[in-house]
Structure formats: C-alpha cells, structure tokens
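**Q** Can you read through this structure? Questions will come right after.
No value in this document is a laboratory result; all are computed from the given coordinates. If you're wondering where the values come from, they're calculated on a predicted model, not measured in any experiment. Here the Cβ positions follow ideal geometry from the backbone for every residue, glycine too, while neighbour counts run over all protein chains shown.
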Amino acid sequence: MQKLELTLAIIKPHAVSNPVVRTFIRNILKTKFIVVRTKRVTLDTDTACRFYQEHVGKFFFNRLTTFMSSGCIDLHVLSHVNAIEMWRRCLGPTSVYKGQFQDPYCLRGMFGISDTRNVAHGSDSQDSAEREIKFFFPEFSFYHWRLDDEEWFR
Ligand code: RTP
Ligand code: MG
C-alpha cells in the first residue's frame, strides 16, 4: 500500500501579490495534490525568525526573514504519495538562476526573481513537514489524518 505523505507549501509574498503567478500555482496545487488545509497570514519578523530557526547565522537570514514578513503569504498543507519530493520538484532548485538552466518549467525558474524571492517554500523531510505544519496549524491532528489516510485506501 502506498502511503500518503504531507508537506507544507508556503507561497512567498511576491508570488501571492502577483495574480498571474498566484493563479498558476493554485492550479498546480489543485490538479497535482490534495490540498488538506489552506491559510493566508502575514508574519511578524519574530515569527519569521522562529520559523527559519535552522538558518540563524547564515548570511541570508535577515534578508529572508525581512522579506517573508513583508506581505501576505499563503500556507498550504499538501498531501500525495511522495508529496515532499513532488512539491520540491515543482519548485526546482533554491537558486532561481540554476532553475532557469536545469528545468526552465519549474516554478522558481519561471517566476523567481532572486534567491530570496524564489516563489515558494517546501518542507525538505518528513520531520520538517511535521514541525512546519504544527508551527502554522497547531490544531492539525496528525493522528486523525493518519486514520483518514488508511480509510482512503480501504
Ligand atoms: P525552502 O526551504 O524555502 O523550500 O528552500 P530550500 O530548501 O531550497 O533552501 P534552504 O537552504 O532551506 O533556504 C531557505 C530559503 O532561504 C533563501 N536562501 N537564500 N544564497 C542565498 O541567497 C540563499 N540561500 C537560501 C531562499 O529563499 C530559500 O528558499
Ligand atoms: Mg529548506
């Protein structure tokens, strides 16, 4: 039996504020994934710093957290078999420049403006996905999701 996996997608402020990019991404999410939860929020810098705690001390940390708290972001809990890898493949490499060469049709290659404004975030492992979903959706029940998930394949 193939197991459904969860991941967190975050659409970054410049992508949310662009209706063409926003609609394009929404269509990908709706056609390729089961969208389990969705929420639009604006982060304060303190919350952005807590979310990106693994990057504290890196040269891009201030730039990233300032940008991520500069406007609305869209949060999506996505499900699919292999959702984590699948969403990261849709995104393409962190570097927009690399994306444009390696896979011109990845989201970062198509709509990325810089390594900071690179369209969207995707969890990089099952542990990160769980931490990140709990961070933004504290009421989300992984237990019930897993039960539902088994129901899906009965
Ligand atoms: P993400 O977490 O956003 O899905 O991106 P990722 O795994 O591909 O990359 P990660 O290393 O986790 O970096 C998180 C975000 O930090 C910004 N970043 N800028 N060289 C740079 O200027 C640089 N490196 C990373 C990006 O916005 C990246 O999405
Ligand atoms: Mg990452």
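**Q** For the range 51-119, which chymotrypsin sites (Phe, Trp or Tyr not before Pro) are both in a DSSP coil and crowded by at most 15 other Cβ atoms within 10 Å?
**A** Phe59, Phe60, Tyr105
**Q** Starting from 0.36 nm per residue, how many nanometres of slack lie between Arg63 and Thr23 once their C-alpha separation is accounted for?
**A** Extra length from Arg63 to Thr23 when fully extended: 11.8 nm.
**Q** Let me ask something additional. Under 10 Å, Cα contacts only: if you run a Gaussian network model on the chain, which one of Gln126, Gln100, Gln53 comes out with the highest mean-square fluctuation?
**A** The residue that fluctuates most here is Gln53.
**Q** Please find the FRET efficiency linking Glu54 to Lys30, where r is the Cβ-Cβ separation and R0 is fixed at 35 Å, and quote it to the nearest 0.05.
**A** Values: r = 30 Å, r/R0 = 0.85.
With a Förster radius of 35 Å, E is 0.75.
**Q** Could you point to the residue in Ser141, Met110, Leu4 farthest towards the positive end of the range 4-152's charge dipole, with +1 and -1 charges on the Cβ of Lys/Arg and Asp/Glu respectively?
**A** Of the candidates, Met110 comes out farthest on the positive side.
**Q** On to the next question. Can you compute the charge dipole magnitude of the range 43-126 about its Cα centre, using +1 on each Lys and Arg Cβ and -1 on each Asp and Glu Cβ, nothing else charged? Give it in debye, rounded to the nearest 20.
**A** 220 debye
**Q** Follow-up. Lys/Arg Cβ at +1, Asp/Glu Cβ at -1, dipole of the range 4-152 taken about the Cα centre: which of Ala48, Pro19, Leu64 is farthest positive-ward?
**A** Of the candidates, Pro19 comes out farthest on the positive side.
**Q** Still on this model: So if each residue of separation counts as 0.36 nm, and I subtract the Cα-Cα distance between Thr38 and Ser128, what length gain in nm does that give? Don't skip to the answer; put the middle values down first.
**A** Working: separation 90, 0.36 × 90 = 32.40 nm, distance 1.80 nm.
Extra length from Thr38 to Ser128 when fully extended: 30.6 nm.
**Q** Give the residues of the range 28-53 whose amide nitrogen is closer than 18 Å to a point set 7 Å from the Cα of Gln2 in the direction of its Cβ.
**A** 29-36
**Q** Could you size up the charge dipole of the chain around its Cα centre, putting +1 on the beta carbon of Lys and Arg and -1 on that of Asp and Glu, and report it in debye to the nearest 20?
**A** Using Cβ point charges on Lys, Arg, Asp and Glu, the chain gives about 500 debye.
**Q** Moving on to the next point. Give a quick list of trypsin sites (Lys or Arg not before Pro) in the range 45-79 that DSSP marks as loop, anything other than H, G, I, E or B, with at most 14 other Cβ atoms within 10 Å.
**A** Listed in order of number, the matching sites are Lys58.
**Q** Around Pro138, with a cut-off of 14 angstrom between Cβ atoms, what is the net charge of the other residues, counting Lys and Arg +1 and Asp and Glu -1?
**A** Charge balance near Pro138 sits at +2.
**Q** So if the hydrodynamic radius of the range 1-136 is defined as the Kirkwood radius over C-alpha pairs, what does Stokes-Einstein give as its diffusion coefficient at 10 °C and 1.306 mPa s, in µm² per second? All intermediate terms of the calculation are to be shown ahead of the outcome.
**A** Details: Rh = 15.0 Å.
Here the translational diffusion coefficient equals 106 µm²/s.
**Q** Please give me the summed charge of the neighbours of Arg22: other residues whose Cβ is under 12 Å from its Cβ, Lys and Arg +1, Asp and Glu -1.
**A** My count for the surroundings of Arg22 gives +2.
**Q** Given the DSSP H assignment, sum -39500 (n - 2.57) over each helix run of at least 4 residues in the chain and divide by its residue total; what's the result at 222 nm in deg cm²/dmol, nearest 500?
**A** Values: 9 runs with 76 residues, N = 154.
Computed ellipticity for the chain at 222 nm equals -13500 deg cm²/dmol.
**Q** What are the ³J(HN,Hα) values, in whole Hz, obtained from phi via the Karplus relation 6.51 cos²θ - 1.76 cosθ + 1.60 with θ = phi - 60°, for each residue of the range 84-101 in sequence order, with x given for Gly and Pro?
**A** 4, 5, 5, 5, 5, 5, 4, 6, x, x, 3, 7, 4, 4, 4, x, 5, 8
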